[in-house]
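No lab work stands behind these numbers, since they all come straight from the coordinates. Not measured: the values here are computed from a predicted model. As a convention, Cβ positions derive from the backbone with ideal geometry for all residues, glycine included, and neighbour counts pool all protein chains shown.
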Amino acid sequence: MLAGCATQPQLTKIEAFPKVYQERPLSILVLPPMNESTAAEAKEYYNTTIAEPLSFDGYYIFPLEVVSDILKNEGLYDSETLLNVPPQKFKEYFGADAVLYIKILKWDTAYYVIGGNVTVSISFLLKSTTTGDDLWKREGTMVLNTSGSTGNVGGVPGLVALVLTTAIKTAMADYVPVAKLANRVAITALPCGKYNPKCGLDQKDLVFQIGNIKQ
């Protein structure tokens, strides 16, 4: 069960992201994510999580491995370098209707004496490859609580057990499911694409301003 801080809804999808409905992109080119976290492996793991939810939302997603190989051959694999490429170039090279820029903001483990958590935070920016305009912008953050449990053991033995259990759970935490949930938090606000039955019917769906989501 998810719980978190959410303010009252302010806008509908069409009010928040009108250009998505105006342009109605069919295909999205997902660029290699920019990794701003301290985890060197974050980019590789994150790449396994993003295509599926975007496809389910109704968009054609160019195969990530193929895109990566082509960009490498063009000397453009460095994610930061891609920011300097005009979005229109991705329409010219790939035929994509929109390009998605992703930043991994956090891919972190926090551990303290009697608790711990794993945090994944991702930002998304979808740009038109026709006009270069921003179509959709969102951030998703998921926090997994890895605090241990001592059962019925109290006192110093219980505290030791709690510390050990928390340390083990935090060290063994799998980031991929947490990243998938962070994606879901963000992509819920993306208007549905052509290949989703709700395409064009979700204009009045509310977009919530969501803070950190905890599990």
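Observations on the structure shown:
- Whole-Hz couplings from phi, Karplus 6.51/-1.76/1.60, listed for the stretch 81-95; x for Gly and Pro: 4, 5, 5, 8, 8, x, x, 4, 5, 6, 6, 5, 7, 10, x
- Per-residue 3J(HN,Hα) values for the stretch 37-46, derived from phi via the Karplus relation 6.51 cos²θ - 1.76 cosθ + 1.60 with θ = phi - 60°, read 7, 8, 9, 5, 8, 4, 4, 4, 5, 5 Hz in sequence order (x marks Gly and Pro).
- Contact order normalised by residue count of the stretch 11-107, Cα under 8 Å, 6+ apart, percent: 48
- Prolate/oblate/rounded label for the stretch 19-144 (Cα gyration tensor, a/c 1.5): prolate
- A protection proxy built from the mean count of other Cβ atoms within 10 Å ranks the segments 176-183, 196-203, most packed first, as 176-183, 196-203.
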